[in-house]
1. Please state the charge dipole magnitude for the protein assembly as shown, taken about the Cα centre, from unit charges on C-beta atoms (+1 on K and R, -1 on D and E), reported in debye and rounded to the nearest 20.
2. Would you mind pulling out the separation of the Cα centroids of the range A:41-104 and the range B:74-112, in Å?
3. Can you compute 3J(HN,Hα) from phi for each residue in the range B:40-52, using the Karplus curve 6.51 cos²θ - 1.76 cosθ + 1.60 with θ = phi - 60°, rounded to whole Hz and x for Gly and Pro?
4. Excluding residues on the same chain fewer than 8 positions from B:Lys74, give the lysines whose Cα lies under 20 Å from its Cα.
5. Round to the nearest 0.05 the FRET efficiency obtained for A:Thr144 and B:Ile65 when R0 = 25 Å and r is the Cβ-Cβ distance.
6. What does DSSP give for the range B:2-109 in terms of the percent of beta bridges that are antiparallel, rounded to the nearest 5?
7. Could you please state how large a percent of the accessible area of the range B:2-109 is carbon and sulfur, counting protein chains only and using a 1.4 Å probe?
8. Would you compute, from DSSP H runs of 4+ residues alone, the mean residue ellipticity of the protein assembly as shown at 222 nm, taking -39500 (n - 2.57) per run and dividing by the full residue count, rounded to the nearest 500?
Amino acid sequence: MAPRRGPGGKSKAPAFSCKLDKDLGELSEMLVALEEFAEKHGVSPLQTQRITLSVDELVTNIIKYGTRALEHAHIHMWATIADGTFHIEIEDHGIPFDPFHEAPVPDTTLPLEERPIGGLGVFLVQSLMTTTNYERIKDRNRITLTRSLTAGDQEEAQ
Amino acid sequence: MNLTDETKNGVLVLSPQGRIDTRTSSEFEQAVMAHAIGPEGATQVVMNFGGLDYINSTGMRVLLILAKRLAGVKGKLVLCEMKEHILEVFKISGFNQILTITDTEADALERF
């Protein structure tokens, strides 16, 4: 889990990468390491939590659903910080799934008794990140996230 | 994740500490339901998040289940002492509209 240069990283921008399998324990450890990486490079605690939560929600879905039928998940995550932006890529070779277009959008205005249990993860990612993108490349899903670090250090929610 | 409990003025105060993520949320769910639901479970519950550093959507799911069950038995759940990043996520999810959230534990206990 040692930080190293991400894909296409020609600059000396701070970089972090790790591989994990279908293991929620490994995911927990990776999130703590990602948090340490962000804090070490001066990312504010609020921005760090937004980033950690977003990676957590997406990788949790990959482990629980996208790679359920596979023996090993081979999830790969890269993070870099450059030009005031935190950049993340997550790849897996599970079933093709675009979370940003295929996941149902929750109605956050429903009263308690009508609120369905679950289904918030992807919505949180889209709310907390500056950009989100999905591509299918050969047999792999690639998710790209960015979070601007130069703006939005106040609460996003109204 | 660790959960402590105490009773104050007849209200059960549950205080989770550490991180509630996908790995620890089922442990959190079992601990919460053991205290707050069941034959002798409390129906008036405060959840003090002062020691909670992290919660993801699987942990928030547990709070929604608890709030629904308590509402079904005319009980009540009040959350308090949330850190800024956790409060942000609760607001985005609209949880601040369906759950009662106060700044301090003392404020929370006054809601009963």
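The values are calculated or read from the model by the stated rules, or taken from the named source; none is laboratory data. None of these values were measured; they are calculated from a predicted model. Cβ atoms come from the backbone with ideal geometry, glycine included; neighbour counts cover every protein chain shown. Quick note on the areas: whole protein, heavy atoms, side chains included, nothing else; ligands and nucleic acids left out. Shrake-Rupley method; radii C 1.70, N 1.55, O 1.52, S 1.80 Å.
1. Values: 27 positive and 38 negative charges, 109 e Å.
Here the protein assembly as shown has a charge dipole of around 520 debye.
2. Value for the Cα centre distance between the two parts: 28 Å.
3. Here the 3J(HN,Hα) series is 10, x, 6, 10, 10, 10, 10, 10, 9, 8, x, x, 8 Hz.
4. B:Lys8
5. Details: r = 33 Å, r/R0 = 1.33.
FRET efficiency, A:Thr144 to B:Ile65: 0.15.
6. Details: 7 of 21 bridges.
Taking every DSSP beta bridge within the range B:2-109, about 35 percent pair in antiparallel fashion.
7. On the way: 1940 of 4350 Å².
That share works out to 45 percent.
8. Working: 9 runs with 92 residues, N = 270.
Taking each H run of at least 4 residues, the total per residue is -10000 deg cm²/dmol.
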